[in-house]
Amino acid sequence: MKKLTTKIQLILFTALLAGFTSCSDDDDAGMITEESETIADFVASEEDYSSLAEALDRTGLTATLDAEGTYTVFAPNNAAFEAYLGGTAVADVPVEDLTQILLNHVLAVEARASSLATGYVNNLATYADTDANLSMYINVDSDVVTINGGSELEGGANVTATDFEFSNGIVHTVDAVIALPTVATFAVADPTFTQLETALTADASFSFVNTLTSAGTFTVFAPTNDAFANLLAELEISGFGDLDTSVLAAALSLHVVNGANVRAEDLTTGTVTTLGGAIEVDASNATLTDANGRVSTIVVTDVQASNGVVHAIDTVLLPGL
């Protein structure tokens, strides 16, 4: 069976400009870097980053960030670690978990503030025991840069200062530890899925958000805002409140495959069983078909979370009507 050609468009890091660019009035202006200083040297020398330094030492990542390379690190300070760990000592966090948390802050390229753009980029954390890198949603609005929805959302962070340059990469400071994202993280953080978020929480009885933040494994075919707008127009209704709750729940369930992290290269033609019933996949044309013959095209693939993967689609699937 034919494989689906990956369509995801990640952030392209263009020409990097020299210099320091501030994202807020809270810049750490006292930090002076030397051309030969590595990212690891910087972290070790700054008292306010002693928790990060301890975590890097414990996981063996100090050596990584002390070696030659091209990295971008979103660095949380001691207060950020304290808030995230909630009283747990860095030394008490399992090494494997701590390693993935740290790698969730590191890109394998040098990305200055001028090259950051709204969209997805892969960091060095990985899904389960695979080599699939986790995604990070960056939003750039004027001089404000947020990651995975910003620190106003659980697990997100705001960039507070940018473009500290070292011999092996760039450091941007953040005001929170960036948690490993779940598939629900991207539904909330990415404005492309605002209507999906609304649908998932449209009724008090819905447990979709709890499910999609759990430790399970999910493949989610996520309708875009345009997909939902077209559905409302098609059904001649003004909002989700005009839909029978059971119909909406059944439709949302039809977009979730439980127990599998199916990336684009693994998607094959045939019948796929979702939480809401069967749909037909045409891998060669990147389409999904529901029981009503309605066809949806996969428009973005492989947004990888810690508990599954998200593919964006342009049409809402419906249960048999």
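Each residue of segment 264-278 in order: what ³J(HN,Hα) in whole Hz does its phi give by Karplus 6.51 cos²θ - 1.76 cosθ + 1.60, θ = phi - 60°, with x for Gly and Pro?
4, 5, 9, 6, 10, 5, x, 7, 10, 8, 9, 5, x, x, 8
Whenever you get a sec, compute what percent of the accessible area on segment 38-111 sits on carbon and sulfur atoms (1.4 Å probe). Each step should come with its number before you reach the end.
Details: 1610 of 3290 Å².
On segment 38-111, the fraction of accessible area on carbon and sulfur atoms equals 49 percent.
Looking at the square roots a ≥ b ≥ c of the eigenvalues of the Cα gyration tensor of the chain, which shape do they give, rounded for a/c under 1.5, prolate if a/b is larger than b/c, or oblate?
Details: a/c = 2.08, a/b = 2.03, b/c = 1.02.
Judged from the Cα gyration tensor, the chain comes out prolate (a/c at least 1.5, a/b above b/c).
Cβ neighbours within 10 Å, averaged per peptide: list 168-176, 71-79, 209-217, 232-240 in order, most packed at the top. Mind showing how you got there, number by number?
Working: 168-176: 23.1, 71-79: 21.2, 209-217: 15.4, 232-240: 12.0.
Going from most to least packed, we get 168-176, 71-79, 209-217, 232-240.
So, with a 1.4 angstrom probe, what is the percent of accessible area on segment 152-197 that is carbon and sulfur? Present the calculation step by step, with values, prior to reporting the outcome.
Details: 670 of 1350 Å².
Carbon-and-sulfur percentage of accessible area, whole number: 50.
Local charge sum around residue 294 (other residues, Cβ-Cβ under 12 Å, Lys/Arg +1, Asp/Glu -1)? Before the final figure, lay out the partial values.
Values: positive: none; negative: 234, 280, 290, 314.
The answer is -4.
What does the C-alpha gyration tensor say about the overall shape of segment 43-113? Classify as rounded when a/c is under 1.5, otherwise prolate if a/b is larger than b/c, or oblate. Don't skip to the end; give the middle numbers.
Numbers: a/c = 1.72, a/b = 1.50, b/c = 1.14.
Here segment 43-113 falls in the prolate category.
Could you tell me the ratio Rg/Rh of segment 123-179? Both radii from Cα atoms, Rh via Kirkwood. Write out the running numbers ahead of the final one.
Working: Rg = 12.7 Å, Rh = 12.5 Å.
Over the Cα atoms of segment 123-179, Rg/Rh equals 1.02.
Could you do me a favour and compute the accessible area per residue for segment 31-187, 1.4 Å probe, result in Å²? Please list the in-between numbers first.
Values: 6350 Å² over 157 residues.
Accessible surface, normalised per residue, equals 40 Å².
Helix 50-59 sits at what angle to the longest principal axis of the chain, using alpha carbons and giving 0 to 90 degrees rounded to 10?
Helix 50-59 sits roughly 70 degrees off the main axis of the chain.
Of 259, 86, 69, which is the most mobile in a GNM of the chain whose springs link Cα atoms less than 10 angstrom apart?
Evaluated over the chain, the most mobile residue of the options is 86.
Say R0 is 25 Å: what FRET efficiency, to the nearest 0.05, do residue 141 and residue 229 get from their beta-carbon distance?
Step by step, r from the Cβ atoms, then E = 0.65.
Residue 213: net charge of surrounding residues, Cβ under 13 Å, Lys/Arg +1, Asp/Glu -1, itself excluded? List each step's numbers first, then the result.
Details: positive: none; negative: 154, 197.
So the surrounding residues net to -2.
Roughly speaking, to the nearest percent, how much of segment 202-277's 1.4 Å accessible area is carbon and sulfur? Mind showing how you got there, number by number?
Working: 1760 of 3560 Å².
The computed percentage sits at 50.
Around residue 86, what is the net charge, scoring Lys/Arg as +1 and Asp/Glu as -1 over all other residues with Cβ under 13 Å from its Cβ?
Working: positive: none; negative: 82, 92, 154.
Neighbour charge sum, excluding residue 86 itself: -3.
Tell me the per residue accessible area of segment 212-318 using a 1.4 Å probe; a whole number in Å² is fine. If you can, show how the numbers build up before the last one.
Details: 3990 Å² over 107 residues.
I get 37 Å² per residue for this part.
According to a simple spin-label model (label point 7 Å from Cα along Cα-to-Cβ), what is the distance in nm between residue 278 and residue 242?
3.3 nm
The values are calculated or read from the model by the stated rules, or taken from the named source; none is laboratory data. Quantities reported herein were computed from a predicted structural model and do not represent experimental measurements. Cβ: placed from backbone, ideal geometry, glycine included. Neighbour counts: every protein chain shown. Note: areas computed on protein heavy atoms with side chains; ligands, DNA, RNA excluded. Shrake-Rupley method; radii C 1.70, N 1.55, O 1.52, S 1.80 Å.
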